[in-house]
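Shown next, in structure tokens, is the structure this report addresses.
The values are calculated or read from the model by the stated rules, or taken from the named source; none is laboratory data. In this text, all values refer to a predicted model and were calculated from it rather than measured experimentally. Here Cβ is always computed from backbone atoms with ideal geometry, including for glycine, and neighbour counts include all displayed protein chains.
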Amino acid sequence: MARPRKPRTVGDDAPASYFKPQGIPLVSLSEIVLTLDGCEALRLVDVEGLDQQEAARRMNVSRSTLSRILAEARRTTATAITAGLALRIEGGNVTRPKGGGCGHKPKDTVELGSLPRNSTGSGT
């Protein structure tokens, strides 16, 4: 019998529960699920630019667990994009930090060039 999964700490919910290709009705699409912990791992590492050790600490998991969550989230997201699937964000064994969300205040509009970059990356 497998050991029960430890809940992963996530911040606020994703701003949307579905993403889909433009111009195709949702009822016409197959879907794939991105878990809330996978979405949080993507946000912490790929958007905020945290290293995996710090992201794992914030999610209250080991670095190797975060690495597995992140790999699955990237695979799921890439599959949705390349296969034209609807991406549903839900589920996973998650908990919220004490005191509510992570304190993140979303902006109305985010320009791609204004997103933080990982200081070790070579992006231009």
Failed item in (1) at pLDDT 95 or above; (2) outside any loop (DSSP other than H, G, I, E, B), with Leu50 passing the rest: (2)
Give the residues of the stretch 1-21 that are assigned to a loop (DSSP other than H, G, I, E, B) and within 20 Å of Thr77 (Cα to Cα), sorted by residue number. Val10, Gly11, Asp12, Asp13, Ala14, Pro15, Ala16, Ser17, Lys20, Pro21
Would you mind stating whether Arg58 is part of a strand (DSSP E or B) and modelled with pLDDT of 50 or more? no
Restricting the stretch 22-47 to residues that are assigned to a loop (DSSP other than H, G, I, E, B) and surrounded by 15 or more Cβ atoms within 10 Å (Cβ to Cβ), which is farthest from the chain's Cα centre (by Cα)? Leu29
Residue match in the stretch 103-120 (condition: over 30 Å from Pro4 (Cβ atoms) and at pLDDT 85 or above): no
Hey, can you tell me all the residues within the stretch 61-72 that are of a type in the set (Gly, Ala, Ser), touching a helix residue (DSSP H, G or I) at 6+ places or on another chain (Cβ under 7 Å) and in a helix (DSSP H, G or I)? Ser67
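Here is a yes/no grid of residues against (1) among the hydroxyl-bearing types (Ser, Thr, Tyr); (2) closer than 18 Å to Pro97 by Cβ; (3) touching a residue at least 60 places away in the same chain (Cβ under 8 Å):
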| site | (1), (2), (3) |
| --- | --- |
| Ala2 | no, no, no |
| Arg8 | no, yes, yes |
| Pro21 | no, no, yes |
| Thr35 | yes, yes, no |
| Gln52 | no, no, no |
| Met59 | no, yes, no |
| Arg75 | no, no, no |
| Ala80 | no, no, yes |
| Ala83 | no, no, no |
